[in-house]
Amino acid sequence: MSKKALYEGEGIKELIPQRAPIMMVDKFYEATPEYGHTGLTIAEDNFFCEDGSFIEPGLIEHIAQSAAAFAGYNSISKGEGVHLGFIGEVKNFKMFNLPKAGDTLDTELRIISEVMNITLLSAETKVNGELMAQCNMKIFIKE
């Protein structure tokens with residue numbers, strides 16, 4: 001991807017509470033109040049790699065951390081601190097292919113609805129334009 005990241009590497013720690021070895025986002029490209037875009041280049045020693053493939057729980061965790069980074073960015077944009085978030089539900093998860101070590105995940109998130117501290121969003125994760133996974137996720141933000 002040629003797009004410049006707004007946050008990457010260690011800078012992601014400003015947006016999410018996770019730390020190594022469970023950090024599953026290493027780039028944050030852009031956001032609007034309704035849309036977020038993140039990435040992860042999968043290292044061979046990634047916690048969720050097995051036999052050179054990035055497994056299903058890793059994809060779910062990557063999407064959840066992408067949602068956390070998106071929420072963190074929106075909080076910072078409003079002049080607030082970053083809040084803790086929790087997965088309330090993963091719905092309609094579909095995995096089409098397993099990414100490999102060395103691949104770069106490209107994840108787009110879209111907010112479907114927000115009610116009080118609960119956000120429902122849709123997510124798609126691709127590698128080089130090929131859809132790897134998609135789902136809806138409900139996130140609870142603790143303020």
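Before moving on, here are some points about what is shown:
- Of all residues in the stretch 14-30, those that are modelled with pLDDT under 95 and touching a strand residue (DSSP E or B) at 6+ places or on another chain (Cβ under 7 Å) total 4.
- For the stretch 84-107, filtered to residues that are within 16 Å of the chain's Cα centre (by Cα) and in contact (Cβ under 8 Å) with a residue 60 or more places away in the chain, the residue that is farthest from residue 140 (Cα to Cα) is 103.
- You will find that of 118, 76, 87, 112, the residue that is at negative phi, of a type in the set (Val, Ile, Thr) and at pLDDT 95 or above is 112 and no other.
- Failed criterion for residue 79 (all others in (1) more than 22 Å from residue 43 (Cβ to Cβ); (2) touching a Leu at 6+ places or on another chain (Cβ under 9 Å) hold): (2)
- Complete set of residues in the stretch 11-48 that are among the polar types (S, T, N, Q) and in a loop (DSSP other than H, G, I, E, B): 18, 32, 46
- Some residue of the stretch 49-63 being in a helix (DSSP H, G or I) and among the acidic types (Asp, Glu): yes
- Residue ID - most open to solvent (accessible area, probe 1.4 Å), chosen from residues in the stretch 5-38 that are free of Cβ contacts under 8 Å to residues at least 12 places away in the same chain and of a type in the set (Lys, Arg): 19
- Wholly within the stretch 70-142, strands (runs of 3 or more DSSP E) carrying at least 2 residues that are within 19 Å of residue 16 (Cα to Cα) and open to solvent by less than 40 Å² (accessible area, probe 1.4 Å): 104-115, 118-127, 130-142
- Hits in the stretch 48-69 - residues which are of a type outside the set (D, E, K, R) and exposed (fewer than 15 other Cβ atoms within 10 Å of the Cβ): 52, 57
- When the stretch 108-143 is filtered for residues that are of a type in the set (Val, Ile, Thr) and without any contact (Cβ under 8 Å) to a residue 12 or more places away in the chain, only 115 remains.
- Comparison of 31, 101 shows that the only residue that is in contact with a helix residue (DSSP H, G or I) (Cβ under 7 Å, 6 or more places away or on another chain) and closer than 26 Å to residue 129 by Cβ is 31.
- Residues in the stretch 106-124 that are under 22 Å from residue 53 (Cα atoms) and in contact with a helix residue (DSSP H, G or I) (Cβ under 6 Å, 6 or more places away or on another chain): 107, 123.
The values are calculated or read from the model by the stated rules, or taken from the named source; none is laboratory data. Predicted model only: the values in this text are computed from it and were never measured. With ideal geometry, Cβ positions are generated from the backbone for all residues, glycine too; neighbour counts draw on all protein chains shown. Keep in mind that these areas ignore ligands, DNA and RNA; they rest on the heavy atoms of the full protein, side chains included. Shrake-Rupley method; radii C 1.70, N 1.55, O 1.52, S 1.80 Å.
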